[in-house]
Amino acid sequence: MKIISYNRIINPSFLLINHELPPNTFLRPRLISASAPSISSFNEKKKDLIMRLPCCFAMRAALSSSSLDSSSVKTDTYSGSRKEKRSSFYTHPSLLEMRNEKAANRERVYEFLRGIGIVPDELDGLELPMTVEVMRERVDFLHKLGLTIEDINNYPLILGCSVKKNMIPVLDYLGKLGVRKSTLTDFLRRYPQVLHASVVVDLAPVVKYLQGMDIKPNDIPRVVEKYPEVLGFKLEGTMSTSVAYLVGIGVARREIGGVLTRYPEILGMRVGRVIKPFVEYLEILGIPRLAVARLIEKHPHILGFGLKERVKPNITSLLQFNVRETALPSVIAQYPEILGMDLKAKLPIQQEFLSSVIESTPEDFGRVVEKMPQIISLSKAPVVKHVDFLKGCGFSSEQVREMVVGCPQVLALNLDIMKQSFEYFKTTMARPLEDLVAFPAFFTYGLESTIKPRHKRIAEKGLKCSLAWLLNCTDEKFNQRMSYDFIDMEEMEAGESSFDMNTLLEPRNDESASDYDDDYSEDDNL
């Protein structure tokens, strides 16, 4: 007979209890002889085994009971340890605790900012550094860029820019572009939002667009420095429509690059609100659309004069000071800057001053402005010197007044050249002063290039003519006159020339208006 031992698994503790019977319990069957003594001996041993088996099972039961008690204790102990471990896992901060800690950190950052004079009211909801040390690093970096506490308060959202992730990449790109260090501080003051921009997504596409507008690569930094806000524009928005409109009214496509380089603010102007009303108003005043386009090519900044705030009030002021409505196109074409001045303040002062110097009337002042609108900006000292020179030449006060009204340019010419011309007029030409009173524009012609050669030719032919007939014509026309057998009296009475609007409508020459002589050093790049 063979009795096999067994293993028992006690609950989840996986504790294995292995009970074995005593060695003498296991009896191997074996072959025995059939002799009686052997059988008798076997029977006795069998009887003894049967008597001992209950004892063995009793012992096993007792041991099993003991093992169960022991394993239950161990199981409880294990369960307790798991509970302890589980409770230790939940000792991490709760969501509420984390929020409170974040609020506390943010308040400490706010206290730091208040302590250095920065008002953090607009920073609520903006992702900020969790420590004062990181925020101090950002503020110090902005100080190194030249920005003051006042600058930061003007745009506190700049504190949301990371030094490494935002500021340094943008500054590196601007430096490679050619933006100068000397202009960087003003650049950031005008457009601090650039530090939030992505170089690849935001900045590089705008630069590429500007290059596509025929702005020279060397002029791109100048454009960005003059108008940093351009880096924030969308390509399909205002920039494209403003350029398209200018080309549509007659601005030459090859001139667009020069126009934008000199006045890049055009890229941010709304066509319907700014450019178109301005162009149409000048047309109403009598300036042809193509002439307006030429004015914009040469003076693109005039588009920045506020139409309602400045231009229309200035036109009203000119009319009030005796400038004739028919002369307004000529005034604007000669001196477009007049549209952006504070004429309401300037005109009364200049009128009173001119009246005190040459005893002019209000009507005289209107004629002077029509012929030379720059008189509004002329300072007093040069005017007085020129008037004294004319009086020193022998002209009376009335004659001086008549000369100034007839040709206001005599108040702004180079005095040394005027002296040379007058000396030639007096000694070589030997004409009376009344000829200069009738044609004061004599002083505006070149002595060597025009006056001397023409006077020599009429002297050789023995002709007598007015200064106007002699000078107020082109070289071609003068050559034709020299072929005449007599002088036409109508031409003899021709007066000085006035501004011709058609000069703005003449075909352009081949030279591009995009070439500039502005001083621009690339040695100071970022």
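The values are calculated or read from the model by the stated rules, or taken from the named source; none is laboratory data. Owing to the predicted nature of the structure, the values given are computational and were not obtained by experimental measurement. Cβ: placed from backbone, ideal geometry, glycine included. Neighbour counts: every protein chain shown. Surface accessibility is based on the protein's heavy atoms, side chains included, excluding ligands, DNA and RNA. Shrake-Rupley method; radii C 1.70, N 1.55, O 1.52, S 1.80 Å.
Observations on the model:
- Subset of segment 134-164 (residues that are in a loop (DSSP other than H, G, I, E, B) and of a type in the set (S, T, N, Q)): Thr148, Ser162
- Restricting segment 98-114 to residues that are at pLDDT below 85 and among the charged types (D, E, K, R), the residue that is most open to solvent (accessible area, probe 1.4 Å): Arg99
- The set of residues in segment 115-133 being surrounded by 12 or more Cβ atoms within 10 Å (Cβ to Cβ), in a helix (DSSP H, G or I) and either at pLDDT 90 or above or more than 32 Å from the chain's Cα centre (by Cα) (or both) consists of Val132 alone.
- Annotation: of all residues in segment 244-255 being crowded, with 20+ Cβ neighbours inside 10 Å and of a type in the set (A, V, I, L, M), the one that is nearest to the chain's Cα centre (by Cα) is Leu246.
- Annotation for segment 256-264: no member residue is surrounded by fewer than 20 Cβ atoms within 10 Å (Cβ to Cβ) and of a type outside the set (A, V, I, L, M, F, W, C).
One line per residue, one yes/no per condition, for (1) within 13 Å of Leu188 (Cα to Cα); (2) among the charged types (D, E, K, R):
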{"residue": "Arg108", "(1), (2)": "no, yes"}
{"residue": "Glu111", "(1), (2)": "no, yes"}
{"residue": "Arg114", "(1), (2)": "no, yes"}
{"residue": "Glu127", "(1), (2)": "no, yes"}
{"residue": "Val132", "(1), (2)": "no, no"}
{"residue": "Met135", "(1), (2)": "no, no"}
{"residue": "Leu142", "(1), (2)": "yes, no"}
{"residue": "Leu145", "(1), (2)": "yes, no"}
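- Matching entry among Ala327, Ala412, Ala345, Ala381 (being among the small types (Gly, Ala, Ser) and surrounded by 19 or more Cβ atoms within 10 Å (Cβ to Cβ)): Ala327
- For Leu295, the criteria (1) open to solvent by less than 10 Å² (accessible area, probe 1.4 Å); (2) closer than 30 Å to Gly175 by Cβ hold in every case but one, which is (2).
- Matching residues, segment 268-283, being crowded, with 19+ Cβ neighbours inside 10 Å and either in contact with a strand residue (DSSP E or B) (Cβ under 6 Å, 6 or more places away or on another chain) or not in a helix (DSSP H, G or I) (or both): Met269
- For Lys165, the conditions (1) exposed (fewer than 14 other Cβ atoms within 10 Å of the Cβ); (2) more than 15 Å from Arg138 (Cβ to Cβ) are fulfilled apart from (2).
- Exactly one residue out of Lys456, Lys419 is exposed (fewer than 15 other Cβ atoms within 10 Å of the Cβ), in contact with a helix residue (DSSP H, G or I) (Cβ under 8 Å, 6 or more places away or on another chain) and more than 25 Å from Glu363 (Cβ to Cβ), and it is Lys419.
- 1 or more residues of a type in the set (Gly, Ala, Ser) and free of Cβ contacts under 8 Å to residues at least 12 places away in the same chain: qualifying helices (runs of 4 or more DSSP H) within segment 284-384: 343-358
- Filter pass, Ser317 being within 30 Å of Val292 (Cα to Cα) and of a type in the set (Ser, Thr, Tyr): yes
- Residue-level check: of (1) β-branched (Val, Ile, Thr); (2) over 25 Å from Gly304 (Cβ atoms); (3) under 14 Å from the mean Cα position of the chain (by Cα), Thr185 misses just (2).
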